[in-house]
Amino acid sequence: VGPHDLVGRRIVISAGGTREPLDPVRYLGNRSSGRQGVSLAAAARARGAAVTLVGAHLEVPAPSGVDLIAVATAAELETAMAAQSATADTVIMAAAVADFRPAAVAEGKIKKGDDGAGLVLELERTPDILVGLAAVRRPGQRIVGFAAETETDDDALLRVAAAKAQRKGVDLLVVNRVGWSEGFGSPTNAVMVLDGAGTVVARAEGDKLSVAHRILDLLA
Ligand code: C5P
């Protein structure tokens, strides 16, 4: 039995990856499994918090004792997070949200022609949900963002992450390296945690549940 240091706290966590429809049968998505966010939900619940998990296409089951709200798109995630964060002490955006979505969703299945021609898709930006939540944070509310980066060089990774922590207006930014074989879907994670000024305040490595506990230590 671990510490019960989050009793009385309400924590809202987003996890998984959004899918943005192209037509009734296709979407643009990403490889997020939701494991790190689900581990955060399990860890927060185990420490006594009331936890709401806003999940987009989770590949792992939601922990018991956690309220699950299932969403599909960035727009649905934004609506759910806005509603849930209104009464939350802590908001953690672990979801991989699409940065772009098809500018128009075709009503019927997009068909290929007989001429062998390719297809050009027009994409538009999605709203940055995290920036929006940080901008309207309640007094005392803590906002945690995630950043998945492909920089292989440590200094470059830190520069990108520090700039992001400041730009997003978060209290903490959890940074991990992702690539073809790293990060998404993996049972383990290696992260750096930055404060809102972009200073590294912790590093954690191991299975995603122990990384989750380390992140919560910084919030407890
Ligand atoms: O800018 P970037 O996508 O790297 O930022 C990642 C962080 O921002 C994550 O916490 C993610 O959940 C959040 N995000 C968001 N809305 C977007 C894109 C990312 O809230 N449209």
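Looking across 60, 105, 38, 54, one residue alone is modelled with pLDDT of 95 or more, surrounded by fewer than 22 Cβ atoms within 10 Å (Cβ to Cβ) and either out of contact with any helix residue (DSSP H, G or I) (no Cβ under 6 Å at 6 or more places or on another chain) or closer than 13 Å to residue 14 by Cβ (or both). It is 105. Here region 160-218 is the region considered, the condition is being among the charged types (D, E, K, R) and assigned to a strand (DSSP E or B), and the residue that is least open to solvent (accessible area, probe 1.4 Å) is 195. Kindly indicate whether residue 65 is surrounded by fewer than 20 Cβ atoms within 10 Å (Cβ to Cβ) and within 16 Å of residue 11 (Cβ to Cβ). Against the criterion (surrounded by fewer than 20 Cβ atoms within 10 Å (Cβ to Cβ) and within 16 Å of residue 11 (Cβ to Cβ)), residue 65 qualifies.
Exactly one residue out of 79, 150 is among the polar types (S, T, N, Q), modelled with pLDDT of 95 or more and at negative phi, and it is 79.
In region 162-169 there is no residue matching the filter, namely being among the basic types (Lys, Arg) and away from the ligand (no atom under 12 Å from the Cβ). In region 139-155, the residues that are within 19 Å of residue 12 (Cβ to Cβ) and more than 8 Å from the ligand (Cβ to nearest atom) form Cβ pairs under 8 Å with partners that are outside any strand (DSSP E or B) and open to solvent by 60 Å² or more (accessible area, probe 1.4 Å), at six or more places apart or across chains, as follows: 143/137.
If you check 31, 45, 10 for being at pLDDT below 95 and either open to solvent by 70 Å² or more (accessible area, probe 1.4 Å) or closer than 23 Å to residue 136 by Cβ (or both), only one passes: 31. In summary, residue 21 fulfils each of the numbered conditions (1) over 20 Å from residue 131 (Cβ atoms); (2) without any contact (Cβ under 8 Å) to a residue 60 or more places away in the chain; (3) assigned to a strand (DSSP E or B) with the single exception of condition (2). Taking the conditions (1) open to solvent by 10 Å² or more (accessible area, probe 1.4 Å); (2) within 16 Å of the ligand (Cβ to nearest atom); (3) of a type outside the set (Val, Ile, Thr) in turn, residue 24 satisfies each one other than (2).
Restricting region 108-123 to residues that are open to solvent by 70 Å² or more (accessible area, probe 1.4 Å) and touching a residue at least 12 places away in the same chain (Cβ under 8 Å), which is nearest to the chain's Cα centre (by Cα)? Ranking the candidates gives 123 first.
For region 68-86, which positions are more than 16 Å from the ligand (Cβ to nearest atom) and either open to solvent by less than 10 Å² (accessible area, probe 1.4 Å) or touching a strand residue (DSSP E or B) at 6+ places or on another chain (Cβ under 6 Å) (or both)? 68, 70 - these are the residues of region 68-86 that are more than 16 Å from the ligand (Cβ to nearest atom) and either open to solvent by less than 10 Å² (accessible area, probe 1.4 Å) or touching a strand residue (DSSP E or B) at 6+ places or on another chain (Cβ under 6 Å) (or both).
The values are calculated or read from the model by the stated rules, or taken from the named source; none is laboratory data. As the structure is a computational prediction, the values presented were derived from the model and not from experiment. Ideal geometry is used to build each Cβ from the backbone, glycine not excepted, and the neighbour counts take in all protein chains shown. Protein only, heavy atoms only, side chains kept; ligands, DNA and RNA dropped before computing areas. Shrake-Rupley method; radii C 1.70, N 1.55, O 1.52, S 1.80 Å.
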